[in-house]
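*Asks:* Below: one structure in structure tokens.
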Amino acid sequence: MLPNVKTTAIAALTAAAVFATSLAPANAFGRDERKFLQGVVAAVIVDQLIEGAQDRRRREPVYVPQQPVYAPQPQPYYEPHYQPQRTSIYSTPAARAFNSYGRGERIAIQQRLRAMGYYRSSIDGSFGPGTYNAVLAYAQDSGLGNNLGSTNTAFGVYDSLIY
């Protein structure tokens, strides 16, 4: 609001100066002198107006810190779907228990499974799909199907085949 007051005051002074020069006695100033004086006054006033406008532009910007606005992030929607867990037979508790036995005991387990009709592969003492399927079928038929869920209970299934 202050620049408006300053501009109004300068405009009023300009009008007064122009009016005062026109009231001067005719003998003191001629027509050309009065026009010259009016031009000088107008030039000074216009210069002041331009300088005031430049002062307004030169002002340092005032930094006003704003409080950050935290909007909650939308949670992504995941559609539930069934995805079966695929684990290797070599990382099952049955495989770990089987491989902890010595080679002779592993061969004895496979021979016993073959004698009972569960195992049809070659007797090699190594754990593979044939051994896994034979042990699983034997445990289910014997009522020990739940015992293959941990390594400790899988030992019981193998011990029942060896001894």
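*Asks:* For the stretch 115-139, which residues satisfy the criterion of being assigned to a helix (DSSP H, G or I) and touching a helix residue (DSSP H, G or I) at 6+ places or on another chain (Cβ under 8 Å)?
*Replies:* Selection gives P129, T131, Y132, A134, V135, L136, Y138, A139.
*Asks:* Would you mind stating whether A53 is assigned by TED's automatic domain parsing to the domain that holds A139, modelled with pLDDT of 65 or more and assigned to a helix (DSSP H, G or I)?
*Replies:* Here the answer is no, as A53 does not meet what is asked.
*Asks:* Any residue at all in the stretch 126-138 that's of a type in the set (A, V, I, L, M), touching a residue at least 60 places away in the same chain (Cβ under 8 Å), under 16 Å from I162 (Cα atoms) and surrounded by 14 or more Cβ atoms within 10 Å (Cβ to Cβ)?
*Replies:* No, every residue in the stretch 126-138 fails to be of a type in the set (A, V, I, L, M), touching a residue at least 60 places away in the same chain (Cβ under 8 Å), under 16 Å from I162 (Cα atoms) and surrounded by 14 or more Cβ atoms within 10 Å (Cβ to Cβ).
*Asks:* Evaluate the following for N147: is it outside any loop (DSSP other than H, G, I, E, B) and at pLDDT below 85?
*Replies:* Considered against the rule, which asks whether it is outside any loop (DSSP other than H, G, I, E, B) and at pLDDT below 85, N147 comes out as yes.
Residues checked against (1) in contact with a strand residue (DSSP E or B) (Cβ under 9 Å, 6 or more places away or on another chain); (2) over 19 Å from L148 (Cα atoms); (3) loosely packed, with under 10 Cβ neighbours inside 10 Å; (4) modelled with pLDDT of 80 or more:
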position: Q48; (1), (2), (3), (4): no, yes, no, no
position: E60; (1), (2), (3), (4): no, yes, yes, no
position: Y63; (1), (2), (3), (4): no, yes, yes, no
position: Q75; (1), (2), (3), (4): no, yes, yes, no
position: Y82; (1), (2), (3), (4): no, yes, yes, no
position: R96; (1), (2), (3), (4): no, no, no, yes
position: S100; (1), (2), (3), (4): no, no, no, yes
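The values are calculated or read from the model by the stated rules, or taken from the named source; none is laboratory data. Everything quoted here is computed from the prediction, not taken from an experiment. Cβ atoms come from the backbone with ideal geometry, glycine included; neighbour counts cover every protein chain shown.
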